[in-house]
Amino acid sequence: MTIELSRPYSPEKHHSHRDVTGGWLRPAVFGAMDGLVSNFALIAGVVGAAGAGQGAVLAGFAGLVAGACSMAAGEYTSVKSQTELMRAEIAVERRELARNPEGERAELAALYRERGLDADLARKVAEGLSSDPEQALRVHVREELGVDLDDLPSPRLAAVSSFCAFAAGATVPLVPFLFGASGLVVAVVVSMLALFGFGAVVAVMTARPWWLGGLRQLALGVGAATVTFGLGHLLGVTVS
């Protein structure tokens, strides 16, 4: 008879997670979709008012450059302000830990009691985590502010991601006119395919049905382009 000895337990990592806190995904996704939808709608409005031609190309380029710069500047300012606020609150927490370590340790113990630990265990956990000042700061910042001290968002990364993504999205409806398209039909087809495709990709990345994400983005983009084309057509008729 073979006796199988039990092995000592060792924690194993059976799965991995994607980075959901980084500063690139949101501005990249938002930038690409904004570039595609806004430039598609802008070109549609110009074509509706004045027809396809050099004006549509110039409008498309202007929309691409202006939109990409605006997105980058907006994202940089937004993320920079957010990071500065985080750093200010982290500095407050650092001062409190230096000035009143016992109070902060009691605060941490109370937090763990609220999460279900008994008073004695919560006190021991808080004391253990507070033995290293830097580790204590990381724990307090994460628990109280919901911030990872080692993974603060990067304003530059957000700005560059937004600029490149917006420019890439805005190029899609412009390409047919650069190759001599004389009407809006080709640009509409290309843009609709891109809208559906990009929406589907984002849906897969976020674990949602690809067809639902694609159809939703397609509906939003076509709706925006239809409104601007109609307004452009009305404006063109009125001006002429």
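The values are calculated or read from the model by the stated rules, or taken from the named source; none is laboratory data. Everything numeric in this text was worked out from a predicted model, so none of it was measured. Please note: Cβ atoms are built from the backbone with ideal geometry, for glycine as well, and neighbour counts cover all protein chains shown. Note: areas computed on protein heavy atoms with side chains; ligands, DNA, RNA excluded. Shrake-Rupley method; radii C 1.70, N 1.55, O 1.52, S 1.80 Å.
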Per-residue ³J(HN,Hα) for the range 94-111, Karplus 6.51 cos²θ - 1.76 cosθ + 1.60, θ = phi - 60°, Hz, x for Gly and Pro: 5, 5, 5, 5, 6, 7, 9, x, 5, x, 5, 5, 5, 5, 5, 5, 4, 5
Taking the solvent-accessible surface of protein heavy atoms with a 1.4 Å probe, what is the per residue accessible area of the chain in Å²? 61
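Multiply the residue separation of Leu212 and Glu143 by 0.36 nm, subtract the distance between their alpha-carbon atoms, and state the gained length in nm to one decimal. Could you put the intermediate results ahead of the total?
Values: separation 69, 0.36 × 69 = 24.84 nm, distance 3.58 nm.
Length gained, Leu212 through Glu143: 21.3 nm.
What's the FRET efficiency of Glu127 with Ser81 using the Cβ-Cβ distance as r and R₀ = 41 Å, to the nearest 0.05? Intermediate results must be reported in sequence, preceding the final value.
Numbers: r = 36 Å, r/R0 = 0.89.
Rounded to the nearest 0.05, the efficiency is 0.65.
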Given the range 101-240, what whole percent of its Cα pairs are spread farther than 23 Å? 62
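By how many nm would the segment from Ala219 to Ala88 lengthen if fully extended, with 0.36 nm per residue of separation less the alpha-carbon distance?
Values: separation 131, 0.36 × 131 = 47.16 nm, distance 4.21 nm.
The span from Ala219 to Ala88 would gain 43.0 nm if fully extended.
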From the phi angles alone, apply the Karplus equation (6.51, -1.76, 1.60; θ = phi - 60°) to the range 81-91 and give each ³J(HN,Hα) in whole Hz, x where the residue is Gly or Pro. 5, 4, 5, 5, 5, 4, 5, 5, 5, 5, 5
Value of relative contact order over the chain, rounded to a whole percent, pairs C-alpha under 8 Å and six or more apart: 38
What nm distance separates the two modelled labels at Ser70 and Asp150, each placed 7 Å from Cα along Cα→Cβ? 4.0
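Once the convex hull of the alpha carbons of the range 26-141 is built, what does its volume come to per residue, in cubic angstrom? Please report the intermediate quantities before stating the final value.
Details: hull volume 14.9 nm³, N = 116.
Hull volume normalised by residue count: 128 Å³.
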Sort 55-66, 146-157 by packing, meaning the average of other beta carbons within 10 Å per residue, with the highest value first. 55-66, 146-157
With Rg and Dmax of the Cα atoms in Å defined as stated, name the option among [x] 18.2, 67; [y] 26.6, 98; [z] 18.0, 61 computed from the structure displayed. [y]
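Counting only protein heavy atoms and using a 1.4 Å probe, what share of the accessible area of the range 141-240 belongs to carbon plus sulfur, as a whole percent?
Working: 4200 of 5630 Å².
Carbon and sulfur: 75 percent of the exposed surface of the range 141-240.
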Could you state the number of Å between the C-alpha centres of the range 92-111 and the range 119-190? 29
Extent along principal axes [Cα atoms of the range 91-176; Å; largest to smallest]: 70, 28, 16
